[in-house]
Amino acid sequence: MKQPRRIALKAFCTLIALLLVAPVLVVVPMAFTSSRTFQFPPPGFSTQWFSELFSDPAWTESFVLSLKVAGIVVVLATSLGTLGAFALVRGRGRWTTPVSAFLMAPMIVPGVITAIGVYYVFLKWHLAGSFTGFVVAHTALAIPMVVIPVRASLQGFDRRLERAAASLGAGPVATFFHVTVPLLAPGILTGALFAFLVSWDEAIVSLFLASPFSRTLPVQLYQSVTSSLTPTIAAASTVIIAVSTTLLVVAGIIAVRREAKNA
């Protein structure tokens, strides 16, 4: 590609990124306002809303609950999603197509439809409003985000490396953990990061499963917006944005390094 076209493409991408991100970033300066209402630009600088955020039991409990749920979801979704990707790539037969569609269903079905179904089933199983209910629901939503990158890594995997390890005396388990997993680590780690983000940001299904004593951070944020508008909401939004952005940057760095390694 010629240099002027490359510069024009970069400028266009930067403009689109700014248009998409700018409305979200407006929340950040409002989190540091000295005013007791939403004002942009803020009249003064203050961190009092972050102090109120981390001193309010309702916010801190929802923050801790979100971290606990996301931490367990990462382990479960990464394990199950990786196994699912192996089955889809190395499996033979007509079953792979419907199973692949089934695993991708949470990304295709509208969130409200999924939430209604989850709420109906979990209500019968007495999981609505429970910690287990959040973990199971978020794991189901996060599995596709693990299957996609691991499946892509497996499709480019050179299986002669596994045969070479086997020819040197390594058993299937040793080959898997010492050859296959290290080579697939970037894809697995990328999937784990996205699984955390899916659970951390999930609001629709969590809103259906929440109870007065069990709310994730996005649910607490939504219910605070509907009851009172204070800059504490902007502070909570800033925390969510900071965590999500950090993990996305890490995922981007992993992807760039993987492309450089494969080049």
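The values are calculated or read from the model by the stated rules, or taken from the named source; none is laboratory data. Nothing here was measured: the structure is a model prediction, and the numbers come from that model. Please note: Cβ atoms are built from the backbone with ideal geometry, for glycine as well, and neighbour counts cover all protein chains shown. With ligands, DNA and RNA removed, areas are computed over all heavy atoms of the protein, side chains included. Shrake-Rupley method; radii C 1.70, N 1.55, O 1.52, S 1.80 Å.
Details
- Scanning region 215-246 for residues that are open to solvent by 20 Å² or more (accessible area, probe 1.4 Å) and over 18 Å from residue 64 (Cα atoms) yields 225, 226, 227, 228, 229, 230, 245, 246.
- Helices (runs of 4 or more DSSP H) within region 5-117 that include 1 or more residues free of Cβ contacts under 8 Å to residues at least 60 places away in the same chain and open to solvent by 80 Å² or more (accessible area, probe 1.4 Å): 48-55, 57-90, 96-108
- Of all residues in region 27-57, those satisfying the criterion of being of a type in the set (A, V, I, L, M, F, W, C) and under 16 Å from residue 221 (Cβ atoms) are 27, 28, 30, 31, 38, 49, 50, 53, 54.
- Restricting region 158-214 to residues that are part of a loop (DSSP other than H, G, I, E, B) and closer than 25 Å to residue 114 by Cβ, the residue that is most open to solvent (accessible area, probe 1.4 Å): 213
- Among the residues of region 120-138, those identified as assigned to a helix (DSSP H, G or I) and in contact (Cβ under 8 Å) with a residue 60 or more places away in the chain are 122, 131, 133, 134, 135, 137, 138.
- Any hit, region 103-114, residues being of a type in the set (S, T, N, Q) and farther than 22 Å from residue 204 by Cβ: no
- Looking only at residues in region 118-140 that are open to solvent by 30 Å² or more (accessible area, probe 1.4 Å) and among the aromatic types (Phe, Trp, Tyr), the one that is farthest from the chain's Cα centre (by Cα) is 125.
Residues are listed down the side, and each one gets a yes or a no for (1) touching a helix residue (DSSP H, G or I) at 6+ places or on another chain (Cβ under 6 Å); (2) among the charged types (D, E, K, R):
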position: 97; (1), (2): no, no
position: 101; (1), (2): no, no
position: 104; (1), (2): yes, no
position: 107; (1), (2): yes, no
position: 124; (1), (2): no, yes
position: 131; (1), (2): no, no
position: 138; (1), (2): yes, no
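- Neighbours by Cβ (under 7 Å, 6+ apart or cross-chain): first from region 221-239, at pLDDT 80 or above; second outside any loop (DSSP other than H, G, I, E, B) and hydroxyl-bearing (Ser, Thr, Tyr): 221/237; 231/33; 233/224
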